[in-house]
Amino acid sequence: MKGTLMAAWMNSAKKLYGSEIVEKNMKQANWDKDHIIKPTEDIQEDIPKKIMAGIAKDVGIPVSEVWQAIGKENIYSFFKLYPSYFKQQNLFSFLSSMDDIHTIITNKMPGATPPRLIMEVISNTEAKITYISKREMYDYLYGLMLGAAEFFNEKLEITPLAKGPGTATFKLKFEKPIISRKTYLLNKFLSFGFIKSVELKSAILTTVTTLGLLLIISPIIPENFNTLVLAPLLLLTSFISSKMMNKPLKNIIDTIENIKSRKFFLTTEITTNDQYEKLNSSLNEYKKSITNDLIAFKGITDEMDSFGETFTRISSEMNQTSSEISQVVEQVAAGVMNQAEETESSVFILNQNIDSLKEIVDKENQSKDLLENVVKEINEGYNAVKETTENLQSIISQFSTLKDNADKLELKTKDINEVVETVTSIAEQTNLLALNASIEAARAGEHGRGFSVVAEEIRKLAEESKKAASSISEDLQSFTISINNIVKDIENQFVILRDESTKLDKVAQSNYQSTLSIRSVTDSIIGMINQLTTETESIAQIYNKIESLAAIAEENSASAQEVSANVSQYTSKIKDMSQNIIEFKKLTEQFKEDLDKYQI
């Protein structure tokens, strides 16, 4: 089964029973409701049957009624697709052509196996149609025939005659006569079962009639008048015989006139058992052949008309698109020309910038050398400061030693002062003892005089010792004060020197960090200068490429102008094609009108 029929069935089912029920049963039959059915797609036979069975169950009617309703609705679906097939004079003509219509449509679908619908006339208003198909879609066919009767607004009685595997036969009784049948008994009688020649039949009839008349009139006519009577009698009997034998010719002439009038739906069958019957059969076969061709032509015209409408729409869209493309191409051409000019201007400006950049790079390289020298001098200054700091630390260490020695000297001075104080105390005591000795010597008189002299000398010595000790004490005090002042100065200078050393060390460390930062910045600057040099060289290479791009832009500009001209020509051709398509559609419509003159 091909996709065209499946799509028609699903569309009809949705119209009859709603999309929700149909899509539900499509899902239950493992069929994707969003699947796009292609006309030539092969569909499994059981899928539509499962869907229709599910629909019948949901709506509560026999599945046979569902198929009949689908068949009836499909008539109108097919009418929209192939309206020319329905331009027939009556229902019988349409049903008779269904077999040919099936064949014509399915011949365009490789692998399709259409059912056969063989029509056989059994009376003026009755026919027998035989359906042959392995699908056994009897109820669907029944619905199709009911739908066709409704479409042509005719009454149709359908009586099932027989059903078997893959085949079914129905008797159809039409409201209007479907065929004209005439039997010419004289022609049939004179054939005697084997004579097919009309001339021979006419001769036999003439002979028999003449002999019969002669037998009747010869007794009453004088013998001398026999010859005179025989000639008119032969003429009369020949005329009558010829007239009677050629009566079927009128039906044949009517058939030919119908053919000339393009009325192929009128069929007349005659029975004469001679050439006239054969000639009439040949004419009917010719009419059948022409009818089949007309059916095919009508289908083709429907497709041509549909194709023409589609092509007209596409050509209109192409015309609009080509106009838009033409505008875009013109804009692109203008843009390309502008781009070429801007590229050329950019190349000139870039060339100037590259020259300026080269000068900057040269100056930066000179600055790099100066910067490297400055960094070198800063490093040397840092090393000198570091050395000074180290020397200052040595001096601080020496000052510390000197301070310690001054402190020790101060202590020694204090020790000496204590000794002097002891000496002074001893001198005072000695002086006091000498005074006491003098007093005692005076008391002793003459005996104590020598002792008194000694005591006086001792007193004088004690006085001198006291003075010497006092002088030493004063000198020591002065010396101690000087030493203390020196020690204080040393301490002050030590503190100052230590603070300055600390500051200098901090400055040296800061200078060292600054030197490292300057070195890092210098390295970065040198790297940037080197990178700038490299980028300058790259820009110079880009400049060369841009020069090439400028040349390409000029070529593109010329190409764009050429493309613009070609697109304009293409647009003109599209317009011509659109006009030709309109003319083609007019011819198709004219052809359809001409075909519609043939009444099948």
Legend entry - Residue satisfying all of: in region 25-73; closer than 28 Å to PHE152 by Cβ and at pLDDT below 90; farthest from the chain's Cα centre (by Cα) among these: PRO48
Legend entry - Lone unmet requirement of (1) surrounded by 12 or more Cβ atoms within 10 Å (Cβ to Cβ); (2) free of Cβ contacts under 8 Å to residues at least 60 places away in the same chain; (3) touching a strand residue (DSSP E or B) at 6+ places or on another chain (Cβ under 7 Å) for THR159: (1)
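Rundown of residues vs (1) surrounded by 16 or more Cβ atoms within 10 Å (Cβ to Cβ); (2) farther than 26 Å from PRO83 by Cβ; (3) touching a residue at least 60 places away in the same chain (Cβ under 8 Å); (4) assigned by TED's automatic domain parsing to the domain that holds SER12, yes/no style:
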residue: SER180; (1), (2), (3), (4): no, yes, yes, no
residue: ASN187; (1), (2), (3), (4): yes, yes, yes, no
residue: PHE192; (1), (2), (3), (4): no, yes, no, no
residue: SER197; (1), (2), (3), (4): no, yes, yes, no
Inset, instruction - Examine region 43-62 for a residue that is under 19 Å from SER133 (Cβ atoms), out of contact with any Leu (no Cβ under 9 Å at 6 or more places or on another chain), polar (S, T, N, Q) and not in a helix (DSSP H, G or I), and state whether such a residue exists. - result: yes
Legend entry - Some residue of region 135-158 being modelled with pLDDT under 90, part of a loop (DSSP other than H, G, I, E, B) and among the polar types (S, T, N, Q): no
Legend entry - Residue ID - modelled with the highest pLDDT, chosen from residues in region 252-276 that are in a helix (DSSP H, G or I) and under 30 Å from LEU213 (Cα atoms): GLN275
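The values are calculated or read from the model by the stated rules, or taken from the named source; none is laboratory data. Because the structure is a prediction, the values reported are computed rather than measured. Note that each Cβ is placed from the backbone with ideal geometry, even for glycine, and that neighbours are counted across all protein chains shown.
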